[in-house]
Amino acid sequence: MTNDLQGIELTDDETRGAGARSTSIGLHAVKLADARVTATGLLDKLAEWRAADRDPRAAGGHTVAINDRHVLVALYLLATEHSPVWITSMRDILWRRLTDDARQYLDLPDASRAFGEDHAVQAKRWLNNTWTAFHRMVDLMDPYPVPNRRRLMGRDEREAIVASRDPERQREMRERLDQYTSMWLEMTFQMQPQHIRDRQKVIDVGADQTPLPAPSRRGRSARDKHTHRELEDKETLEPDADWYPTKSMTHFDNTGKPQMDWVWGWAANTSVRVVHDASGPADVPLIAMGFSLSQPGAKHLGVDTVRIHRLIRDRGHQPGRCTTDMGYFALLKVKSLGLPMKRLGFMPLTTYREPDIGTKGGKKGALYNEGLFLCPGVPKSLADATIDAKAHRIDEATYIKRIDERLHFQLRDKERPDANGSIPKMCPALGPSATVECELRELHSRAPKGKDRPHTVLPGDFVPDKICTQTSVTFTETDNAAMTQDLPYGTEIHTMTYRRDRNTTEAFNAFLKEPGYEAINDASRRRVHGLTAQQVVTTVLVVSANIRKIAAFLHEEKVRNASTTPRRKPAPRQAPVRRRDRDGKNPYRAKWPLKELPAAAPGVDPPPQT
């Protein structure tokens, strides 16, 4: 080893930071962060909320050293440099990491004189002021206040805290919190160049949930099945967190099926943009359009899904389809999700649980079948096509053929929806555009003769109902919301679109969890307590992910457009087949022996089930 060890001593910045990050942040980075914070409109909105909450009889307070602008700029800088978002990290940025000109630009007090000359005193006071400023902002939009988040709370105390909250005030604060997130995300959407934003005005999305672990792992006990009260009096820091079930990657039962693991924390609700035409490449960045946190559980799922999509629409975007797994539209009651989403303008695209496939009831003689209103004369082989496919009684080619034939028996809209959302539908054998022929209906005089139309199959004891005897039957808004999908279920285009949308959504969740970047599944990087503080912090992490997505998209497009010399197109790469597909263990594929579902794009596989 050389004896020349000069120049390796710890710097004053390293010593003052006690080993924390000490790289300087200059004026250019601060100006960019401040411009983007200002573009969200949040500074004015926070001032508006603060004025609304202020008691008009109260005396004015003193000028604070650290304000909302400083907090939001610090949050943005930490998220985009992929550092842990801690209060101490925010303190370090505002106290010692900004250059003098950046500090002057933000109107921050002098770092060395603001809170005394002693270094230890400065560190503590800068931390206290940063903590106070952060929570002063959080309190403006906290639907779930807790008197003291720094100590453990038993069952009775947590129940008393939740019961003491004013529902109306809680609703108002929840709207503020989600508006905070929505304004951040809209800023990232507007960051895209105008020509990119103009490519597709319709916003198609995929909605999903993923667990967000709490920093404290101490959770509640199991609940009584009848009273729903916790069986044991366990202490926890988070009265508004709960257990989120996930499929284990390491624990399996005797049959090889994964057991359930449980994560203590919250549910992160994401709404991610998907491609409008699933058969083509992505022509816009696939970024998060909506985000929120909620307690895990189906009773919150519908409300939170509707809320974030209402905010997307209210920002002026044109709703398109909303693709989900079977835990949403296929499971929740139509009045809690399907109907509100349709009123917003989002059309569902989903798959069905096994108990919901085939014909399930009907109205006025029409049959409800996998998102379609069918003629009662539809052959049983067509009505039960999905049932037969899942039971391995038919192969893929037969299934596709039957699904396509089944569309001929679909009722047709006679008129546009009225003011109440009701639609009169007519028998498919009626009118000049008849798609089937039926012994109960005379073919319209203007219907093309000699056209090969399928024939209805009616049992001998069939008694015609109104759909067979009237020119139309009216179906209510609720009927339509419960049944209609954006694309007919089981068709090639439905299968291809559903698969790609689910891939996009799951890929974005994985993108958010990438170590070294946002890493939202690492609770140690988000050491703040309470659902509200967690959403405030995680929102800025989602913003950082959106910026990465947009930057990568623009870079790839620039590279593609850079070459002006025509080149020989390389042979397409054959993507390897996943083991789960080779072994027939993919939960998103049909269970017949074939390896590919209809119209599967090369190399595009469905995501793991969540």
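The values are calculated or read from the model by the stated rules, or taken from the named source; none is laboratory data. None of the values given here were measured: they were computed from a predicted structure. For neighbour counting, all protein chains shown are included, and Cβ atoms are generated from backbone atoms with ideal geometry for every residue, glycine included. Note: areas computed on protein heavy atoms with side chains; ligands, DNA, RNA excluded. Shrake-Rupley method; radii C 1.70, N 1.55, O 1.52, S 1.80 Å.
Quick one: putting +1 on the C-beta of Lys and Arg, -1 on the C-beta of Asp and Glu, what dipole do you get for region 354-484 around its Cα centre, in Debye to the nearest 20? It would help to have the intermediate numbers written out before the result.
On the way: 19 positive and 20 negative charges, 80 e Å.
Here the size comes out at about 380 debye.
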*Solvent-accessible area per residue for region 354-484 at a 1.4 Å probe radius, Å²?*
52 Å²
*asked:* Give me, ordered by chain and number, the residues 5 or more places off Thr323 or on other chains with an amide H under 5 Å from its own placed amide H.
replied: Val205, Gly206, Ala207, Leu349
*In sequence order, calculated HN-Hα J values of region 445-455 (Karplus, 6.51, -1.76, 1.60; Hz; x Gly/Pro)*: 4, 9, 6, x, 7, x, 6, 7, 9, x, 9
*According to the square roots a ≥ b ≥ c of the eigenvalues of the Cα gyration tensor, what is the shape class of region 212-327, taking rounded for a/c under 1.5, prolate for a/b larger than b/c otherwise, and oblate for the remainder?*
prolate
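Hey, what did the chain get for relative contact order, percent, Cα under 8 Å, at least 6 apart? Before the final figure, lay out the partial values.
Numbers: 915 pairs, mean separation 89.1, N = 610.
Reported as a whole number, the value is 15 percent.
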*Using the charge dipole of the chain (Lys, Arg: +1 at Cβ; Asp, Glu: -1 at Cβ; taken about the Cα centre), state which of Tyr489, Met90, Gln6 has its Cα farthest towards the positive end.*
Tyr489
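Near Arg402, within a Cβ-to-Cβ distance under 10 Å, what is the net charge of the other residues, with Lys and Arg +1 and Asp and Glu -1? Walk me through the numbers on the way to the answer.
On the way: positive: Lys401, Arg406; negative: Asp384, Asp388, Asp404, Glu405.
Computed value for this residue: -2.
For region 24-181, what is the accessible area per residue in Å² when the probe is 1.4 Å? List each step's numbers first, then the result.
Working: 7870 Å² over 158 residues.
About 50 Å² of surface per residue is accessible.
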*asked:* Given points 7 Å out from each Cα along the Cα-Cβ axis, report the Ala397 to Ser422 separation in nanometres with one decimal.
replied: 4.8 nm
*Taking a temperature of 25 °C and a viscosity of 0.890 mPa s, what whole-number D in µm²/s does Stokes-Einstein yield for the chain with Rh from Kirkwood over alpha carbon pairs?*
88 µm²/s
*Based on the Cβ-Cβ distance from Glu232 to Trp131, what FRET efficiency comes out when R0 is 35 Å, to the nearest 0.05?*
0.60
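Roughly speaking, what is the stretch gain from Asp53 to Ser248, that is 0.36 nm per residue apart minus the C-alpha to C-alpha distance, in nm to one decimal?
65.6 nm
Given a 1.4 angstrom probe, I'd like the percentage of the accessible area of the chain that is carbon and sulfur, rounded to a whole number.
Details: 16230 of 31090 Å².
C and S atoms contribute 52 percent here.
Quick check on region 304-351: take the gyration tensor over C-alpha atoms, sort the square-rooted eigenvalues as a ≥ b ≥ c, and tell me if it's rounded (a/c under 1.5), prolate or oblate.
In terms of gyration-tensor shape, prolate.
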*With charges only on Cβ, +1 for K and R and -1 for D and E, what is the dipole size of the chain about its Cα centre, in debye, rounded to 20?*
1140 debye
*What is the gain in length, in nm to one decimal, between Ala551 and Arg218 on full extension, counting 0.36 nm per residue of separation less the C-alpha to C-alpha distance?*
116.0 nm
*For region 357-406, what percent of Cα pairs sit more than 11 Å apart?*
64 percent
*Roughly how many Å² of Arg353 are accessible to a 1.4 Å probe, to the nearest 10?*
80 Å²
_Value of [θ]222 nm, deg cm²/dmol, for the chain, DSSP H segments ≥ 4, -39500 (n - 2.57) each, nearest 500_ = -11500 deg cm²/dmol
*For region 354-484, what class follows from the C-alpha gyration tensor (a ≥ b ≥ c being the square roots of its eigenvalues): rounded when a/c is under 1.5, otherwise prolate if a/b is larger than b/c, else oblate?*
oblate
*With the contact rule set at Cα under 8 Å and sequence spacing of 6 or more, what percent relative contact order holds for region 354-484?*
25 percent
*For the chain, build the charge dipole from Cβ charges (+1 Lys, Arg; -1 Asp, Glu) around the Cα centre, then report which of Ser294, Ser445, Asn369 sits farthest towards its positive end.*
Ser445
*Whole-Hz couplings from phi, Karplus 6.51/-1.76/1.60, listed for region 29-42; x for Gly and Pro*: 5, 5, 4, 5, 4, 5, 5, 6, 4, 4, 5, 5, x, 6
